[in-house]
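The values are calculated or read from the model by the stated rules, or taken from the named source; none is laboratory data. Predicted model, so just to flag it, every value in this text is computed and none were measured. Because the Cβ atoms are built from the backbone with ideal geometry, glycine has one as well, and the counts that use them run over all protein chains shown. To get the accessible areas, we keep the full protein, side chains included, count just its heavy atoms, and leave off ligands, DNA and RNA. Shrake-Rupley method; radii C 1.70, N 1.55, O 1.52, S 1.80 Å.
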Amino acid sequence: MPPSPASGDTCARTLTYYLTPALDLPLHLLRAAQAYAHAEKSNRTLFSEDSAWDRGKWSEYFERGGAAGWGRKRARGAARFHLGAEFENAFSDPFAHDLPRQKPIFHSARSALHTLLRPSASFRALLSSAHASDLSAFSEQPWLGVHLARRDQQPLSWWYHDRYVPIGQYIAEIERTWQGAGAQQVFLASDDPAALLEFRASMPVNWTVLSLTDLSLLFPFPHNQAAFATFPLAQRVRRTHGELLEMALLFGGGWWGELGEGVGGFVGTLGSAVGRMAPLGLGRETAFGEEGDGVGGLWRDVDGRGQIEWRAFAL
C-alpha cells in the first residue's frame, strides 16, 4: 500500500516480511499473503527483506510495487513476530468452527496472492514457453493436479505416522474424484522422482499423465528443501521457476495467466506445503464445496481419509 497523502514520502507505519532461507516456497507465499492482508487491514506499508533469501531476489519471479505496496528494504533493528495461534484467532471467524472458521483468512490470502504473484518479465516468458510447448495438447481437456509428498514432509495422520501415504491411496482418491472434476487426465508432481516412477507403474494403463519430466523446457528435478542451498544460485533460480510452473499446473489460481485454467481438482496431502496452498488456487467453492464445509469439494487430502481440515499456514 502507498503511504497516506498526509505523510508525504514517509511511511508512518510499516510491516516487513522476511524471506528467510531454508523454507518451502509455497509456505513463503502463504505467509507473505497473510502479511499483505494484515498490512492492508492495519493501513501499513508492506516491505520485503530478501537479502538472505536462498532463491535470490523476489523480482526474479514477481513484480514489485504498484497495487501490492510490496517494496524492498533492508531492515535494521525491526521487531519480529511470527504467524501463530494469536494471529489466526484475530483474523478468523470467531462465530464459526472448522473450515467455515477459516473463511476470512482464506479470502484475504487468495486476494493477496492475486496482487502479489504478478509474474516478472522473465517468468512470463517461461510461462509463455510452457503454454506453447507440449502442454498445448494436454491443456485442451480438464485435468487433476496430483502431488506426491515424500522428502520434505511427513504424513500428519496417525494412519501413516511411520511411513508415507501409499501410492495406491492416491490412485483410489483420483478415481473417486474424476467425475466431480470433469477430468480425464493428471498433471503429476513430486519431490521424489522415485515416487513418479512408482505412480506410473501402478496407475491404470489408459490414464493420461503429464509431469515436468515430460517437458523439454525444464530439466527434471526433485525438490528437496534440505539440499536446496547446495546448488549454485543460478540453478536455484531455475529450480524455483520450475516449482512455480508446477504449482500453476497443480492448482491454477489465475495468478499465471492462461496456464492452469484447466485444473479441475487436486489430490495431495495437507502435510505438504503444496497441498496446503492448493485450495487457494482452486478457489473456496471448488476446493471445499458449495457451502465451504468440505462436502463436495475437489481438494482431496489422502492423508486425512475424508476428514477435511485446512489452515493457510502451519501453526
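From the list Leu244, Leu270, the one residue that fits, being buried (at least 19 other Cβ atoms within 10 Å of the Cβ), touching a Phe, Trp or Tyr at 6+ places or on another chain (Cβ under 7 Å), part of a loop (DSSP other than H, G, I, E, B) and not small (Gly, Ala, Ser), is Leu270.
Can you confirm whether Arg300 is more than 15 Å from Ala130 (Cα to Cα), open to solvent by 10 Å² or more (accessible area, probe 1.4 Å) and modelled with pLDDT of 90 or more? When the stated conditions are applied, Arg300 passes them.
Residue-wise test of (1) open to solvent by 50 Å² or more (accessible area, probe 1.4 Å); (2) over 12 Å from Leu144 (Cα atoms).
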| position | (1), (2) |
| --- | --- |
| Arg163 | yes, yes |
| Ile167 | no, yes |
| Gly180 | yes, no |
| Ala183 | no, no |
| Asp192 | no, yes |
| Leu197 | yes, yes |
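Taking into account only those residues within the stretch 278-290 that are touching a residue at least 24 places away in the same chain (Cβ under 8 Å) and more than 10 Å from Phe106 (Cα to Cα), which is most open to solvent (accessible area, probe 1.4 Å)? Here the residue is Leu282. Among the residues of the stretch 130-144 satisfying the criterion of being out of contact with any Phe, Trp or Tyr (no Cβ under 6 Å at 6 or more places or on another chain) and open to solvent by less than 60 Å² (accessible area, probe 1.4 Å), which is modelled with the highest pLDDT? Going through the qualifying residues, I end up with Leu144.
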